[in-house]
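Visitor: Dumping the structure here so I can ask a few things about it.
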Amino acid sequence: MRRVLVVDDEENLRLVTRSFLRRDGYEVETAGNGEEALKLIETFGPDYVLTDVRMPKMGGLDLLSTLK
């Protein structure tokens with residue numbers, strides 16, 4: 001099963017996105033910002049990261065640069 005990490009500071013968007021992805025057979029975890037995402041990446045090991053660009057603490061572009 002493919003794993004997706006959804007990163008967004010808006011909880012409703014995270015929950016809706018998670019719901020749609022799970023319905024389509026993905027295993028999904030969510031994070032509210034880039035720092036939370038980095039912690040989850042270590043334990044969850046996602047195949048894909050779907051992230052918002054502007055978030056508090058660490059934005060999506062900073063997160064992707066760190067992951068790269």
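The values are calculated or read from the model by the stated rules, or taken from the named source; none is laboratory data. Not measured: the values here are computed from a predicted model. Cβ placement follows ideal geometry from the backbone for every residue including glycine, while neighbour counts extend to all protein chains displayed. Accessible surface is based on the protein model in full, side chains and every heavy atom, while ligands, DNA and RNA are left aside. Shrake-Rupley method; radii C 1.70, N 1.55, O 1.52, S 1.80 Å.
Visitor: For M55, enumerate residues with amide H under 5 Å from its amide H, sequence gap 5+ or separate chain, H modeled in the peptide plane.
Guide: G60
Visitor: For the chain, calculate the relative contact order in percent as a whole number, restricting contacts to Cα pairs under 8 Å that are 6 or more residues apart.
Guide: Reported relative contact order: 39 percent.
Visitor: Rounded to the nearest 500, what is the chain's calculated 222 nm mean residue ellipticity when only DSSP H runs of at least 4 contribute -39500 (n - 2.57) each, over all residues?
Guide: That comes out to -14000 deg cm²/dmol.
Visitor: Could I ask something else about it? Once you list every other residue whose beta carbon is under 14 Å from the beta carbon of V53, what net charge do they have if Lys and Arg are +1 and Asp and Glu are -1?
Guide: Here the count lands on -3.
Visitor: Here is a further query. What does the highest-first list of 11-21, 51-61 look like by mean Cβ count within 10 Å?
Guide: The most tightly packed comes first, giving 51-61, 11-21.
Visitor: Can you list the residues, at least 5 places off or on another chain, whose amide H is less than 5 Å from the amide H of V28, using H built in the peptide plane?
Guide: Close amide H contacts, sequence-distant or interchain: V4.
Visitor: With the radius of gyration and the Kirkwood radius both derived from the Cα set of the chain, what is their ratio Rg to Rh?
Guide: In the chain, Rg relative to Rh is 0.94.
Visitor: To the nearest 10 square angstrom, how much accessible area does V4 have with a 1.4 angstrom probe?
Guide: We get 10 Å² for V4.
Visitor: Please turn the phi angles of segment 17-25 into ³J(HN,Hα) values with the Karplus equation 6.51 cos²θ - 1.76 cosθ + 1.60 (θ = phi - 60°), one per residue in order, whole Hz, x for glycine and proline.
Guide: Computed from phi, the couplings for segment 17-25 are 4, 4, 4, 5, 5, 5, 4, 8, x Hz.
Visitor: Using each residue's phi in segment 62-68, evaluate 6.51 cos²θ - 1.76 cosθ + 1.60 at θ = phi - 60° and report the 3J(HN,Hα) Karplus result to the nearest Hz, with x for Gly and Pro.
Guide: Ordered by residue, 3J(HN,Hα) equals 5, 4, 5, 5, 5, 5, 5 Hz.
Visitor: I would also like to ask the following. Spelling out what I want: for every residue of segment 46-57, take phi, set θ = phi - 60°, compute 6.51 cos²θ - 1.76 cosθ + 1.60 (Karplus), and round to whole Hz; glycine and proline get x.
Guide: x, 7, 9, 10, 10, 10, 6, 7, 9, 8, x, 6
Visitor: Also: Skip the ligands, DNA and RNA, and give the accessible area per residue of the chain with a 1.4 Å probe, whole Å².
Guide: 68
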